[in-house]
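The values are calculated or read from the model by the stated rules, or taken from the named source; none is laboratory data. For clarity, every value in this text was computed on a predicted model and none was experimentally measured. Using ideal geometry, Cβ is built from the backbone for each residue, glycine included, and neighbour counts are taken over all protein chains shown. Please note that ligands, DNA and RNA were not included when accessible areas were found on the heavy atoms of the full protein model with its side chains. Shrake-Rupley method; radii C 1.70, N 1.55, O 1.52, S 1.80 Å.
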Amino acid sequence: MSQSIGGFGVNSGLEWGYGLRGGPVGAMKGFIGARQTTLANEVSLTGIGVHSGAPVSLTLCPADSDTGIRFLICNDAVDGVEIVADQQCVSGVTLCTILSDGNGASIATVEHILAALRGLSVDNAFIEIDSGEVPIMDGSSAPFVEAIDEAGIAELDAPRRFLKVLKLIRVEDNGAVGELTPYNGFHLDIEIDFENPLIGKQNLSLDLNPGAFRRDISRARTFGFMKDVENLWAAGLALGASLDNTVAIGDDRIINREGLRYADEFVRHKALDAIGDLALAGAPMLGAYRSRRGGHRLNALVLQALFADPDAWTLVEAPRYRDVRHAELAPGLAAAHFAADRS
């Protein structure tokens, strides 16, 4: 069974939330703090675009509460165009996720940096960039995680809002299946199935929190087949791809000298992409996401289907710390896991 490939083709605890449209929502697994967060300082990175091959400079900046994640593009062609990291701005899902402002400006390959921000529970940030493509770095989210750790994470005064899935959303697309279901936390169940025996069938199931993201997801790299390289280059794609940022799959072996970072690195990268794509919901999600043979297109279609049904979701707001303590949580539980988690 074949499929397209992604990239190419807080702790355990308890929290009470209150529905903006529906009253108390009960206990949530994976407590990540009652207040919104942003970066404590600016931090800059440089790299290349995996598709353009061009150099890119990027700066992560603090932002006020309720800003969300926003890209600010500043270069010779575009001066200060702002694009919100929102599913309504998705304009392309071939080989990567592309966001556009509707007036010609766009930013590509957003999924890895969005995964790092969502994986570490950063709610608000400006991403200043001088290119139309986020740098690929080493093909994973790890360099962005390191940058966020360097900047630090600051707590804001505003309560955190969660997007709570209320009922089953299911999408089938050319043999791929994606589902969102209610869940008190954020759970991923990702399965891939490739004819190539170096990948085969792989499955990953986990509750997402910052520790799990760092340990189990963040270092998984994008991957591609050597047999597809010439076609991609002819199409003007993957011009910046190399063994420094891509797991290259040959006919009978992994080409990268260092091999794989995880035995099942391929499905872990698919999970990383899903986290980044689902971050376009605009808020941390309370729900379980199941993907079979999916990728950027399926992730986008599932979010579209969710927001097309107003009865399928609601926003819930975390209480102030004093409210959490009033609910008689265990001592220390309300201390959100915002600082660097080196697990």
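Residues in segment 35-78 that are farther than 16 Å from ARG118 by Cβ and among the aliphatic types (A, V, I, L, M): ALA40, VAL43, LEU45, ILE48, VAL50, ALA54, VAL56, LEU58, LEU72, ILE73, ALA77, VAL78. Among the residues of segment 137-183, those identified as hydrophobic (A, V, I, L, M, F, W, C), open to solvent by less than 40 Å² (accessible area, probe 1.4 Å) and under 18 Å from the mean Cα position of the chain (by Cα) are ALA142, PHE144, VAL145, ALA147, ILE148, ILE153, PHE162, LEU163, VAL165, LEU180. State yes or no: is LEU99 touching a Cys at 6+ places or on another chain (Cβ under 9 Å), open to solvent by 30 Å² or more (accessible area, probe 1.4 Å) and either among the hydroxyl-bearing types (Ser, Thr, Tyr) or part of a strand (DSSP E or B) (or both)? The answer is no for LEU99. Picking from residues in segment 184-208 that are over 16 Å from HIS296 (Cβ atoms) and touching a helix residue (DSSP H, G or I) at 6+ places or on another chain (Cβ under 6 Å), the one that is surrounded by the most Cβ atoms within 10 Å (Cβ to Cβ) is LEU204.
In the set (1) surrounded by 24 or more Cβ atoms within 10 Å (Cβ to Cβ); (2) outside any loop (DSSP other than H, G, I, E, B), ALA305 fails one condition alone, (1). Entry remark, segment 32-51: residues being crowded, with 20+ Cβ neighbours inside 10 Å and more than 20 Å from the chain's Cα centre (by Cα) number 1 in total. Candidates in segment 53-72 are the residues that are farther than 14 Å from ALA158 by Cβ and among the polar types (S, T, N, Q); of these, the one that is surrounded by the most Cβ atoms within 10 Å (Cβ to Cβ) is THR59.
For segment 174-187, indicate whether the set of residues that are within 28 Å of VAL50 (Cα to Cα), part of a strand (DSSP E or B) and of a type in the set (D, E, K, R) is non-empty. No; the residues of segment 174-187 include none that is within 28 Å of VAL50 (Cα to Cα), part of a strand (DSSP E or B) and of a type in the set (D, E, K, R). Can you tell me how many residues within segment 123-136 are surrounded by fewer than 24 Cβ atoms within 10 Å (Cβ to Cβ) and part of a loop (DSSP other than H, G, I, E, B)? Count: 3. In segment 73-96, the residue that is least open to solvent (accessible area, probe 1.4 Å) out of those that are touching an Asp or Glu at 6+ places or on another chain (Cβ under 7 Å) and aliphatic (A, V, I, L, M) is ILE83. Report yes if some residue within segment 103-114 is open to solvent by 20 Å² or more (accessible area, probe 1.4 Å) and assigned to a helix (DSSP H, G or I); otherwise report no. Looking for residues that are open to solvent by 20 Å² or more (accessible area, probe 1.4 Å) and assigned to a helix (DSSP H, G or I), one finds none in segment 103-114, hence no.
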